[in-house]
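Chemist: Questions regarding the structure given below will be posed in turn.
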Amino acid sequence: MAGVLAAALASGCFNVTYTNPTLPPNGVVMQGTNKFFVAALVGDERVPVYQMCPQGVSQIESGLDIGDLLLTVITFAIYTPRSYVVHCGGAR
Amino acid sequence: MTTMKRLALCALVLAGCYRTRFELQPPVGYATASPLYTDHFHLSLINIIEVSAPVDLNAACGGVPPAAIDENIGVLGGLVNIFTSYVFPILHVHNATVLCPAGNGPMGPAPMGPAPMGPAPMAPPPPMAPPPPR
């Protein structure tokens, strides 16, 4: 169990993945954090992915990374950020 | 149960939780929810290890590039999370809805909308016939 947890922490802890298998990644990666509050009860965020990746998206990972987890624990879940990583697709 | 817990539970049940919208196309026009991924349950262990298979964006709209992704925790997911995530932090549920461009979902094109407002163009009236001779 500890090994799985360590592997998850090392891999970035993202827990929802959206993938487009027909569009290979072109190496352009965009990251960001959405801010939510009160155990993620409060918050409504929009991420303009089409501006980040004009030629399309290969993969989006969304969830908690290590920093998000630490901030959530330290603030007793008053501040509950969630991060995302966007892998652009198509020609670079 | 304390008041704070009751309030949190009510808010969770009534409103769901956070929402993130990943806009894959400029937000113009009307988008329809994909039948494959509408409030799709996505499971993760202790909120960090993904258990469910990734959401396939290509299949979601029948090969058409999707318009947006809504990620949230719906009412049912919130109820599940109360017992499987917040009380015993084991299983966490997220809901994902893929939005397809209008008329391009796997179910086929959407029906046409109503006709544009305003009076229908009228043909010019025929020229008046000359009065009959007396």
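The values are calculated or read from the model by the stated rules, or taken from the named source; none is laboratory data. Note that this is a predicted model, so its numbers are computed, not measured. Every residue, glycine as well, gets a Cβ built from its backbone with ideal geometry; the counts of neighbours run over all protein chains shown. The area values use the complete protein model at the heavy-atom level, side chains included, leaving out ligands, DNA and RNA. Shrake-Rupley method; radii C 1.70, N 1.55, O 1.52, S 1.80 Å.
Chemist: For the full complex of protein chains and a 1.4 angstrom probe, list A:52, A:30 by accessible area with the highest value first.
Modeler: Per-residue accessible area, sorted high to low, gives A:30, A:52.
Chemist: Within the stretch B:47-75, what residues put their amide N at less than 15 Å from the label point 7 Å along the Cα-to-Cβ vector of residue B:41?
Modeler: What the label zone holds, given the 15 Å backbone N cut-off, is B:51-53, B:73-75.
Chemist: Follow-up. What's the extension gain from residue B:53 to residue B:28 if we count 0.36 nm per residue and subtract their Cα-Cα distance?
Modeler: Net length gain for the segment: 6.0 nm.
Chemist: Calculate the spin-label point distance for residue A:79 paired with residue A:22, positioning each point 7 Å from the Cα along the beta-carbon direction, and give it in nanometres.
Modeler: 4.2
Chemist: Turning to a different aspect of this structure: Taking a probe of 1.4 Å and counting only protein heavy atoms, give the total accessible area buried between chains B and A in Å², rounded to the nearest 100.
Modeler: 2800
Chemist: Shifting gears a bit: Go through the stretch A:28-35 residue by residue and turn each phi into a ³J(HN,Hα) via Karplus (6.51, -1.76, 1.60, θ = phi - 60°); whole Hz please, and just put x for glycine and proline.
Modeler: Taking θ as phi minus 60°, the curve returns 7, 10, 10, 10, x, 10, 9, 9 Hz for the stretch A:28-35.
Chemist: Which loop chymotrypsin sites (Phe, Trp or Tyr not before Pro) in the stretch A:36-92, with loop taken from DSSP, have no more than 15 other Cβ atoms within 10 angstrom of their Cβ?
Modeler: Answer by residue number: A:76.
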